[in-house]
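Scroll down for the structure; my scribbles are underneath it.
The values are calculated or read from the model by the stated rules, or taken from the named source; none is laboratory data. Worth saying up front: this structure is predicted, and the values here are computed from it rather than measured. For neighbour counting, all protein chains shown are included, and Cβ atoms are generated from backbone atoms with ideal geometry for every residue, glycine included. The area values use the complete protein model at the heavy-atom level, side chains included, leaving out ligands, DNA and RNA. Shrake-Rupley method; radii C 1.70, N 1.55, O 1.52, S 1.80 Å.
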Amino acid sequence: MNLTLYLTENCNLRCSYCTREKHAQDMSRETVEKAVELAFSRGKNAGICFFGGEPLLKKDLIYYALELADERSRQTGIPFLSKITTNGTLIDEEFASMAKRANMQIGFSFDGTMQDDCRRTKEGGATFDLMVDKARLLMEHGCDTVAMCVASPEACGKLFESVKLVHDLGFPQMIINPAYGDKVTWTDETFEVLRGQFDQIADYMMELYQKGDKFKVAPLHNKISELIKGINPSKYCHLGIRQLAVSWDGNLYPCTSFLDKPEWYLGSVYEGIDETRRLEMAKRCFTPSPCKDCDLSARCTNSCGCANILNTGSPDMIAPVQCEYERMVISLADRLGDEMYAMGDQRFIDFMGL
Amino acid sequence: MKIDPKHNLKKPKYLIGVALAAAALAAGGFAIHEIKEEVMEQVDELLHTGGIVSAEPAFEAAEAVETTEENA
């Protein structure tokens, strides 16, 4: 099964839109051991995503977990996959080499030219130059890396140039998400700025496609490919079913936005999963009522309990900004898909990985 | 900004195109531009009204239209 491990509640950055409180609470080696056991205890695959806080503050725990998982994988024959979501500032040669060897998927949180607007150290220091160096290090090592970019209302006017920078640094793909939660306020005006930036990004993707460049930007690229493949993004994260989040003290929750909320407690790595509660959750429908008869429902992240709880406090209620955002990107993606397809069906089919 | 559910949206051309390309391949590999306009329209109609939301059933729908055409 897949687990997301909160290795620490601590972080060396203070991002303006981050909703997590920072504490000096770290996972123990014993909890890591129990979590690895749980990951291998059921299912045909075992997966661990290292998360936090900033997980690279606890590199020792990452290396320990990988060592344990590697051993269990060899003993059981169960394939193991590791991922990390990191702010990237603590990446070094040793980590990059290990990540390459372990085929670790790296989610590199980098806001491009918006970095210093929102992602500063806890002392208030800039991180842009450092992040460019770290990005180059990962690219040199050939690590499986995706740049994860958050667009905030304050800085989203630089989103397009950030996409170009990420491309020019050599990333094969990037993911853009709007900043959600109670630290940010989107207005009609700032959303129009975001819309304008996405227009330019769609044009840029078309320009790259015409040149044969395979750079991919989510959500535009995947809104196209998911429609063709019949994939419903709202089914990615059935809460608590496909994966569980493990807090620093070993408690289990459905996903990362639910940590420390007692009403969503699903057991612990020490006592096991509370299957009754998990089953109750599996039966719950998280599609917000306004979305149920919308034509875009199956293409939209309306059922993402994490985003919903961040925005509205309820896992089954969508916020206007998320609805607005999803409608915008789906509409742009379809325009882009039609333009790409008009250049030839076989080329399009290859690009979409069909 | 508002919550604004959408209804009666038309499927994008690329979805129809990919479905037809797959059907064409299954039917012996004729070029996509040779597919008759009325076939395109029928598949488009199916995609639009028939609750088809992914390419997989659309492939079958496109093949079914082709077979009907041939039999006629």
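Scanning region A:119-148 for residues that are part of a strand (DSSP E or B) and more than 16 Å from A:GLN173 (Cα to Cα) yields a single hit, A:THR121.
Checking each residue in region A:299-342 for being facing chain B (nearest Cβ under 10 Å), more than 19 Å from the chain's Cα centre (by Cα) and of a type in the set (D, E, K, R) picks out A:GLU324, A:ARG327, A:ASP334, A:ARG335, A:ASP338, A:GLU339.
Just need a number here: residues in region A:1-58 that are under 17 Å from the mean Cα position of the chain (by Cα), hydrophobic (A, V, I, L, M, F, W, C), open to solvent by 10 Å² or more (accessible area, probe 1.4 Å) and farther than 12 Å from A:THR85 by Cβ. Number of matching residues: 2. A:PHE286: open to solvent by less than 10 Å² (accessible area, probe 1.4 Å) and either over 30 Å from A:LYS34 (Cα atoms) or at pLDDT below 90 (or both), yes or no? No.
It is to be established whether one or more residues within region A:189-199 are within 14 Å of chain B (Cβ to nearest Cβ), open to solvent by 20 Å² or more (accessible area, probe 1.4 Å) and within 21 Å of the chain's Cα centre (by Cα).
Within region A:189-199 (the criterion being within 14 Å of chain B (Cβ to nearest Cβ), open to solvent by 20 Å² or more (accessible area, probe 1.4 Å) and within 21 Å of the chain's Cα centre (by Cα)), the answer is no, since none of the residues qualifies.
Within region A:268-277, does at least one residue satisfy the condition of being surrounded by 20 or more Cβ atoms within 10 Å (Cβ to Cβ) and among the hydrophobic types (A, V, I, L, M, F, W, C)? Yes, because at least one residue in region A:268-277 is surrounded by 20 or more Cβ atoms within 10 Å (Cβ to Cβ) and among the hydrophobic types (A, V, I, L, M, F, W, C).
Each row is one residue, and each column tells you yes or no for (1) at pLDDT 95 or above; (2) away from chain B (no Cβ under 14 Å); (3) crowded, with 21+ Cβ neighbours inside 10 Å; (4) under 15 Å from A:TYR341 (Cα atoms).
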residue	(1), (2), (3), (4)
A:LYS211	yes, yes, no, yes
A:SER225	no, no, no, yes
A:PRO233	no, no, no, no
A:TYR236	no, yes, no, no
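Within region A:101-145, the residues that satisfy the criterion of being at negative phi, touching a strand residue (DSSP E or B) at 6+ places or on another chain (Cβ under 8 Å) and not hydrophobic (A, V, I, L, M, F, W, C) are A:GLN105, A:GLY107, A:SER109, A:ASP111, A:ARG119, A:ARG120, A:THR121, A:LYS122, A:THR127, A:LYS134, A:ASP144, A:THR145. Scanning region A:149-188 for residues that are in contact with a strand residue (DSSP E or B) (Cβ under 6 Å, 6 or more places away or on another chain) and assigned to a loop (DSSP other than H, G, I, E, B) turns up A:PHE171, A:ALA179. Residues in region A:343-354 that are surrounded by fewer than 18 Cβ atoms within 10 Å (Cβ to Cβ), facing chain B (nearest Cβ under 10 Å) and in contact (Cβ under 8 Å) with a residue 40 or more places away in the chain: A:LEU354 only. In this structure, is A:ASP203 of a type in the set (Asp, Glu) and in a helix (DSSP H, G or I)? Here the answer is yes, as A:ASP203 does meet what is asked. If you go through region B:1-41 and keep only what is modelled with pLDDT of 55 or more, open to solvent by less than 50 Å² (accessible area, probe 1.4 Å) and outside any loop (DSSP other than H, G, I, E, B), you end up with B:TYR14, B:LEU15, B:ILE16, B:GLY17, B:VAL18, B:ALA19, B:LEU20, B:ALA21, B:ALA22, B:ALA23, B:ALA24.
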